[in-house]
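The values are calculated or read from the model by the stated rules, or taken from the named source; none is laboratory data. Since we're looking at a predicted model, the values are computed, not measured. Cβ placement follows ideal geometry from the backbone for every residue including glycine, while neighbour counts extend to all protein chains displayed. What goes into the accessible areas is simple: the full protein's heavy atoms, side chains included, and nothing from ligands, DNA or RNA. Shrake-Rupley method; radii C 1.70, N 1.55, O 1.52, S 1.80 Å.
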Amino acid sequence: MPKMTAKRMCYAALLAAMYLPLSLYAAVQVGNVRISFGSLPVVAAALLFGPVDAVIVAMVGEFFKQLLTYGITYTTVLYLIPPALRGLVVGLGALALTSLRGQRLEERRTVCYAVCILAAICTTVGNTLINWLDSVIFGYYTPALIFGGLVWRFIVGMINAVVMASLAMPLVKILRKQNAVSGL
């Protein structure tokens, strides 16, 4: 793994800062499911720098989103886990492909889509578990509320993953081509 340089930390900070407006303002609410571009910086960080940077970008970005949306609650830290899972899965996929095959994940489109879809499934499972725990802690649990739209959330999450991967792959290729970043 490349060492953490000031330039790399600045890129991670920029990606984390982009997470907030892309999550809050570049989003569409469909029923009880929110489709946003917030995962784009996380996927880009994972492809560019690997799992550690992607997890940091996701957690910092989601922390500020939670802070501005809900304030600090008992479960604020728990809601940082699902976006971090996305960064971890995509970052580990990128790291594994680079280490084992000497290829970048964004260059293997089918594999990149598969990894991003797997990350979306993990994120949806994580969100569902955190929503369940939140509902139990705060006393509003009903199975219909927590699990009623689960299939729909999986479908939307996988579609969102395909869209984000479709945007992230050319973005990362351009950044690498222009030598704007150095990472994995």
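Structural remarks
- For the chain, the longest piece that avoids every one of the chymotrypsin sites (Phe, Trp or Tyr not before Pro) found in DSSP loops with at most 12 other C-beta atoms within 10 Å covers 75-139.
- With protein chains left intact and a 1.4 Å probe, residues in the stretch 3-45 average 53 Å² of accessible area per residue.
- For the stretch 50-71 and the stretch 114-173, distance of Cα centres in Å: 16 Å
- Here the Karplus relation 6.51 cos²θ - 1.76 cosθ + 1.60, evaluated at θ = phi - 60°, turns the backbone of the stretch 6-16 into coupling constants of 4, 5, 5, 5, 5, 4, 5, 5, 5, 5, 5 Hz, with x for every Gly and Pro.
- Å² of accessible area per residue within the stretch 50-184, as computed with a 1.4 Å probe and no ligands counted: 52 Å²
- Angle of helix 39-49 to the longest C-alpha principal axis of the chain, folded into 0 to 90 degrees and rounded to 10: 30°.
- Across the chain, C-alpha contacts under 8 Å between residues 6 or more apart give a mean separation that, scaled by the residue count, equals a relative contact order of 25 percent.
- Surface share of carbon and sulfur [accessible, 1.4 angstrom probe, percent] for the chain: 71 percent
- For the stretch 1-105, the set of trypsin sites (Lys or Arg not before Pro) satisfying both a DSSP loop assignment and a count of at most 13 other C-beta atoms within 10 Å is given as K3.
- The 3J(HN,Hα) values that the Karplus relation (6.51, -1.76, 1.60; θ = phi - 60°) gives for the stretch 62-79 are, in residue order, 5, 4, 5, 5, 4, 4, 6, 8, 10, x, 8, 10, 5, 9, 4, 5, 4, 6 Hz. Gly and Pro appear as x.
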